[in-house]
Amino acid sequence: MKSDVNLKSKAALISLTDRGLDTILRIGEILPDTLVPAFYVHEKAVGPRDNPGEPKQGQLQQTQLNKTTNFDIQYESFSRLSDIVPHLWQEFSVLIFVMATGIVVRQIASLIEGKDRDPAVLVLDETGKFVIPLLSGHLGGANAWAALISDRIGAVPVITTATDGRGMVAPDEYARRYGWKVEPVRHLPAVNRLLLEQKLLTVRANYPLQPEHDAWLKDPYYRFLSENENDHANIIIDVFPKSAIQPDSLYLIPPILSVGVGCRRGVAKEVILERITTAVEQLGASLKGISGIYSIDLKSDEVGLIEAAKSLRVPFKTFPADELQSVNRQEQLSRSNFVSEKIGVDGVCEAASLLGAKMGRLVLPKTKGQGVTVAISIENSLL
């Protein structure tokens, strides 16, 4: 099982006991430097809080705890798990619980939404002997995290997904590795079952794949169709999914659509989301193909844009006015006298979308409505 975890993951490690604290410290030590986890420790393991109604924050030190760790960590203490889990569920992409599996199941049961939205959830016993990827094994990366932890601290991974048990890589696992999305998620069980039964899935890639995809191209359980082959495809790599697709097929959607947005001050998140959705649908694309929302630096604190990006689970980034103006002139983009007079650039959304797409190709010029302008560019990476 491949143990390449997403180096941009936000991970939270949660312990109820002092023995569990030993284990989360061991895990914290073996994580890549780019991953800085957040530690949550029950107050019984670190001492009661000064103010019972507030989380305790502080630093755990090796000398203070007499642990084997060689680094100091910041932590928050809690008195009830139910007080922190809903927040962690929204804030982090990986949750690592060191406690009984039953406790975790009861805590997360009401929060579960779907394969493509839930964080990776792992459970370890307090001594770190076993690691169980409990939820989002493929798309969330829980199986990959289990492989990493087992390799580094000697835990036994308890993997229950059938494809992994048979040495196969499921399509949603490939999607996770490449940062792609799956649509429709409800087709995943049928497609994975077909992989188990037939030991072969056909793939149609509507973009030329890159060297980083070689492992998949060489996977004997997949056959990539040529442009001239009209055979039925179980997997279709495309950012423009058709509305009708057979139950034994699904789309893998690379995030290559850059959405540039300009707006009036104070425009609501809902309005911005409606305008973005309309623009993406006008292209015939999937919202899952959005790589990020981009605008001008003056909008870096615009709440509606920030919240819209959070709702879509994509980054929000802004660019300086001079960079946008340079692109406007270079690409001879559409000009707005009003915007030019107000902020000193000929336009925001088209130039921002091109910069977000690493100077790809503008596929949807500026659209206007309800105080919001939207433009969409597509990256050249898979074109």
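Please treat every number below as a calculation from the coordinates, not as lab data. In this text the structure is predicted, and so the values were computed from the model without any measurement. FYI the Cβ positions are ideal-geometry reconstructions off the backbone, even for glycines, and counts take in every protein chain you see.
Some observations on this one:
- Fewest-first ranking of MET359, MET168, using other Cβ atoms within 10 Å as the exposure measure: MET359, MET168
- Between SER110 and ARG80, the modelled label-to-label distance comes to 1.1 nm, taking each label 7 Å out from Cα in the direction of the beta carbon.
- Those trypsin sites (Lys or Arg not before Pro) in region 278-362 that DSSP places in a loop and that have at most 14 other beta carbons within 10 Å: ARG313, ARG335, LYS358
- Folded to 0 to 90 degrees: helix 18-30 orientation relative to the chain principal axis, Cα: 40 degrees
- Cα-centred dipole magnitude for the chain, charges only on beta-carbon of K, R (+1) and D, E (-1), debye, nearest 20: 360 debye
- Take every Cα pair under 8 Å whose residues are at least 6 apart in sequence, average their separation, divide by the length of the chain, and the relative contact order is 11 percent.
- Shape category assigned to the chain from the gyration tensor of Cα positions, a/c cut at 1.5: oblate
- Each of SER79, SER353, SER243 was scored by other Cβ atoms within 10 Å of its Cβ. Listed from fewest to most, they are SER243, SER79, SER353.
- For LEU250, the residues whose amide H sits under 5 Å from its own are ILE235, ILE236, ignoring neighbours fewer than 5 places away on the same chain, with H placed 1.01 Å from N.
- The residues PHE240, PHE92, when put in order of fewest to most other Cβ atoms within 10 Å, stand as PHE240, PHE92.
- Inter-label distance, nm, simple model (7 Å from Cα along the C-beta direction), LEU217/ARG152: 3.2 nm
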